[in-house]
Amino acid sequence: TPVTGTAALQVEKRLELVKQVTHSTHKKLTACLQGQQGVDADKRSKKLPLTTLAQCLMEGSAVLGEDSLLGKMLRLCGEAEDKLAQELIHFELQVERDVIEPLFVLAEVEIPNIQKQRKHLAKLVLDMDSSRTRWQQSAKSSGLAGNLQPSGAKADALREEMEEAANRVEICRDQLSADMYSFVAKEVDYANYFQTLIEVQAEYHRKSLALLQNVLPQIKAQQEAWMEKPSFGKPLEEHLAVSGREIAFPVEACVTMLLECGMQEEGLFRVAPSASKLKKLKAALDCCVVDVQEYSADPHAIAGALKSYLRELPEPLMTFELYEEWIQASNIPEQEKRLQALWNACEKLPRANYNNIRYLIKFLAKLTEYQDTNKMTPSNVAIVLGPNLLWPQADGNMTEMMTTVSLQIVGIIEPLIQHADWFFPGDIEFNVTGNYGSPMHVNHNANYSSMPSPDMDHADRRQHDQARRPLSVATDNMMLEFYKKDGMGVRVMDTSWVARRGTSAVRKTSSTPPASQPPPPPAE
């Protein structure tokens, strides 16, 4: 049955609506294409923003050099972006072929053809009506009754014309009906274009994700392998793992420099350094660039940088976990039991924290040997450094909180310094990562080669001072350890030194907390 009447009108309206929606979708979808439509893959690639970005990254890598972290990153990212660009080109070609072009055909060819057919049918119906009217007028003019057919050549011609017109209308109406039925039946196929779009997009994103997941481990490996990572504000164990060290770099660097130039400096750790000098030294330590000679004239900046490093640790060196135990130990009235409780807390410290607190306390004990000159008694050192070694884990007002617990923290740190050799028995080698004439301190009684003993009288001290190496010579060993000199005169960290670990038997023994109960503590 031909599509006629109400059904025909509904299909015609549907045709127009589908045409409008399809045309709009085709236009918007085409606008999403980043490559130039209708060209081959090579030409499309050149115009693609991702390709331009990939080229820029690769050129940047060549400029910065493969030996730098940025150079490596730019190369890896450039290669990844280029692969993503190729995937994008493949995706766009597929979308163009399987979605955009069929939508164009539907909106601009198939539906318009049906609409033209409908208009053509209307014209044929008019033609048929005209031929019928002419034939009827011919009958009237012949004076024939209504039930008689006109005769003669002219009448035959008019009848034949009328019949042919009616036949054309019938054929056209059948064709239009077939096209309309076909359109209605093919809606599933048209809807499939949009399913194809989502499937192609999903495949594109899957491949792109696989590419990115493949390159991410390589990028992370480069980051992790790079030695010159910031240390301030980073977890202690993370910094030690990355740098392959036992003692945190800022701690060892500052301690070793202070042993050279700061042991007799009055008010060390108490006197505030120049803010600009402190900021510069912290930044230098963070990127492994240390000019020892420059900072040897400003030991307060070195001490300030060490305090800042300890304070900026995400967790105090003496740990949040043991905070209550430290505080409880300091509150014990009997000295022997108090020291025993502090020793027990020390033993519970994680290995990395134990190694670094041991190193630091041994240095501070060495510093207090010069208290007649530097005025830094164990109590004074505990007052200024204690809050940087232990603080509570809380969200409240830190200043107010520290005021209430500062005396307790001093009561923890002061005995650690006073009885450093009891809490941390064994020798200490301050220059852990390389033996370049730096001190090997035995029970705080051995004299540091470049530092006069506090027990010397004035004449001996003056003679010792005259015999000391000049600072430029004394720091040569430090220079070997801390930096190498480049053509610009900037002293840059030799990262191979950072990576080296001490392997001596003394270090191996001294890094392990005592496993058994200690002997009774020394008398106060």
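The values are calculated or read from the model by the stated rules, or taken from the named source; none is laboratory data. For clarity, every value in this text was computed on a predicted model and none was experimentally measured. Methodologically, a virtual Cβ is constructed for each residue, glycine included, from the backbone with ideal geometry; neighbour enumeration extends over all protein chains shown. The area values use the complete protein model at the heavy-atom level, side chains included, leaving out ligands, DNA and RNA. Shrake-Rupley method; radii C 1.70, N 1.55, O 1.52, S 1.80 Å.
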If the convex hull is drawn through the Cα atoms of region 236-423, its volume per residue in Å³:
119
For region 327-378, which GluC sites (Glu not before Pro) are in a loop by DSSP, counting at most 13 other Cβ atoms within 10 Å?
Glu334
For the modelled label position 7 Å from the Cα of Thr196 along Cα-to-Cβ, which residues of region 76-119 have backbone nitrogen atoms closer than 18 Å?
89-111
Lys and Arg at +1, Asp and Glu at -1: neighbours of Ser274 with Cβ under 13 Å from its Cβ sum to +2
Taking a 32 Å limit on the Cα-Cα distance, which of the listed pairs Lys43/Lys186; Lys220/Lys362; Lys47/Lys116; Lys234/Lys337; Lys282/Lys362; Lys123/Lys154 fall beyond it?
Lys43/Lys186; Lys220/Lys362; Lys47/Lys116; Lys234/Lys337
Given H placed on each backbone N at 1.01 Å, which residues far from Ile428 in sequence or on other chains put an amide H within less than 5 Å of it?
His441, Asn443
Taking protein heavy atoms only, a 1.4 Å probe, and rounding to whole percent, the accessible area of region 236-423 owed to carbon and sulfur comes out at 50
Each residue of region 256-261 in turn: what ³J(HN,Hα) in whole Hz from Karplus with 6.51, -1.76, 1.60 and θ = phi - 60°, glycine and Pro shown as x?
5, 5, 5, 4, 7, 9
Mean accessible surface per residue for region 62-207, computed with a 1.4 Å probe while every protein chain stays in place, in Å²:
59
Give a residue-ordered list of calculated ³J(HN,Hα) values for region 347-364 (Karplus: 6.51 cos²θ - 1.76 cosθ + 1.60, θ = phi - 60°; whole Hz; x for Gly, Pro).
5, 8, 4, x, 3, 4, 5, 4, 4, 6, 5, 4, 4, 5, 5, 4, 5, 5
Sorted peptide list for 188-199, 128-139, 240-251, criterion being average Cβ within 10 angstrom, highest first:
240-251, 128-139, 188-199
Given a 1.4 Å probe, the accessible area of region 236-423 per residue, as a whole number of Å², is 37
Computed over region 236-423: relative contact order in percent, which uses C-alpha pairs under 8 Å that are six or more apart:
28
